[in-house]
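J.: Pasting a structure here, questions to come.
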Amino acid sequence: LTPGYAIISATKLKDAAETLGTYTEADFSRIEEYADQYQALDRGEMQLNSGRVKAYYIRYAHNKLSKRWESVKIIAINQDVAYILGFHALQSDYQRDYAEDFARIVASFKLLK
């Protein structure tokens, strides 16, 4: 079993006027452009922080290190900070071994600002 992994980051926006929509579109376009053998699986809107913060997500498959991976990227903006949650696992293991754990991480995620 190859381990799945999560990456959570916070980045101060360079432009305070940037919106969740424009930031997300630019980020998701970069994924589509640079991911090897990119395949979109799902994309949409969701809520974080017990429904108080709007977020967008994309779930996609791609090749990395000669293997097929499934990844989810979630982006939320709160008080001029972009919060990014990324989840990655081998595609063959994602739903069976990691989807529930990743969903629990997202459900428990709290923005402290």
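J.: Taking all protein chains as present, what is the carbon and sulfur share of the accessible area of the chain, in % to the nearest whole number, probe 1.4 Å?
T.: 51
J.: In nm, give the distance between the simple-model label positions of Ala103 and Ser29, each being 7 Å from the Cα along the Cα-to-Cβ direction.
T.: 3.3
J.: Now for a different question. Could you calculate, for the stretch 13-90, the ratio of the Cα radius of gyration to the Kirkwood radius, expressed as Rg to Rh?
T.: Numbers: Rg = 13.2 Å, Rh = 13.2 Å.
Ratio of gyration radius to Kirkwood radius for the stretch 13-90: 1.00.
J.: Can you give me the accessible area per residue for the chain, using a 1.4 Å probe, in Å²? Provide the component values of the computation, followed by the final result.
T.: On the way: 6610 Å² over 113 residues.
Computed with neighbouring chains in place, this is 59 Å² per residue.
J.: Next question, about the same structure. What pairs from Lys12/Lys73; Lys14/Lys64; Lys12/Lys110; Lys12/Lys54 go past 24 Å between their alpha carbons?
T.: Lys14/Lys64
J.: Tell me, what is the FRET efficiency for Lys14 and Asp36 to the nearest 0.05, using R0 = 25 angstrom and their Cβ-Cβ distance as r?
T.: On the way: r = 28 Å, r/R0 = 1.11.
Approximately 0.35, to the nearest 0.05.
The values are calculated or read from the model by the stated rules, or taken from the named source; none is laboratory data. Because the structure is a prediction, the values reported are computed rather than measured. So basically every Cβ, Gly included, is an ideal-geometry build from the backbone, and we count neighbours across all protein chains shown. Keep in mind that these areas ignore ligands, DNA and RNA; they rest on the heavy atoms of the full protein, side chains included. Shrake-Rupley method; radii C 1.70, N 1.55, O 1.52, S 1.80 Å.
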